[in-house]
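Heads up, the thing below is written out as structure tokens.
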Amino acid sequence: MISALVFGGVVYYTQMYGYYQPVPASADSAEIRLTSMMDGTPEVIETSNFEGIDADSSPLRFRGCFTTPLSLATATETYTVYEGATPLNGPGWFECYNAAQLGEDLQTGAAVAFLSEHQISPGVDRVVAIYPDGRAFAWHQLNDTSEK
């Protein structure tokens with residue numbers, strides 16, 4: 001019984017804390033891009049107050065929170081809107097990111113999702129959601145090529 005509890009504790013810790021590392025705002029992965037509607041090229045956007053986490057164990061573990069001065073009107077006229085955006089849950093201790101609220105806001109139109117980078121990893125896209133007040137969130141999600 002004790003060994004099962006210890007094993008369960010180790011598994012829980014590694015899933016919730018062990019694999020994640022903070023992403024410094026100066027890291028390449030913290031540079032946020034949005035894909036242009038004109039030519040399909042990801043372009044760097046201005047950001048501030050970046051907080052992020054990632055893990056080498058899976059390309060789906062990236063999460064980011066930041067602000068941008070980019071207006072939602074300019075973003076929707078310039079960058080590719082991402083249909084079917086589904087924010088993935090992050091660890092509870094990463095408090096700036098709330099997948100449930102973000103998903104609800106995307107469905108109601110309170111936020112808009114954009115393609116950041118297609119195939120940032122094989123079968124995975126980076127998605128960025130932007131609110132009218134400049135708050136923004138990023139995550140990785142499986143794309144349709146992963147199903148083929």
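Any read-out appearing in this document is the output of simple, stated calculations on the displayed coordinates, not a laboratory observation. In this text the structure is predicted, and so the values were computed from the model without any measurement. Note that each Cβ is placed from the backbone with ideal geometry, even for glycine, and that neighbours are counted across all protein chains shown.
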>> To the nearest 20 Debye, how big is the dipole of the chain about its Cα centre, given +1 on the beta carbon of each Lys and Arg and -1 on that of each Asp and Glu?
In response: 400 debye
> Using the 10 angstrom Cβ neighbour count as an exposure proxy, how do Val81, Val23, Val128 rank, fewest first?
Replying inline: Val81, Val23, Val128
> Fewest to most neighbouring Cβ within 10 Å: what's the order for Glu83, Glu31, Glu95?
Replying inline: Glu83, Glu95, Glu31
> Counting alpha carbon pairs within less than 8 Å and at least 6 residues apart, what relative contact order, in whole percent, applies to region 103-144?
Replying inline: 32 percent
> If you rank His118, His140 by fewest surrounding Cβ atoms within 10 Å, what's the result?
Replying inline: His118, His140
> Could you give the distance between the Cα centres of region 117-148 and region 39-58, to the whole Å?
Replying inline: 10 Å
>> Taking amide H atoms as placed 1.01 Å from N in the peptide plane, list the residues 5 or more away in sequence, or in a different chain, whose amide H sits under 5 Å from that of Ile32.
In response: Ile45
> Relative to the longest principal axis of the chain, what angle (0 to 90°, nearest 10) does the C-alpha long axis of helix 99-108 take?
Replying inline: 30 degrees
> Hey, what did region 22-147 get for relative contact order, percent, Cα under 8 Å, at least 6 apart?
Replying inline: 25 percent
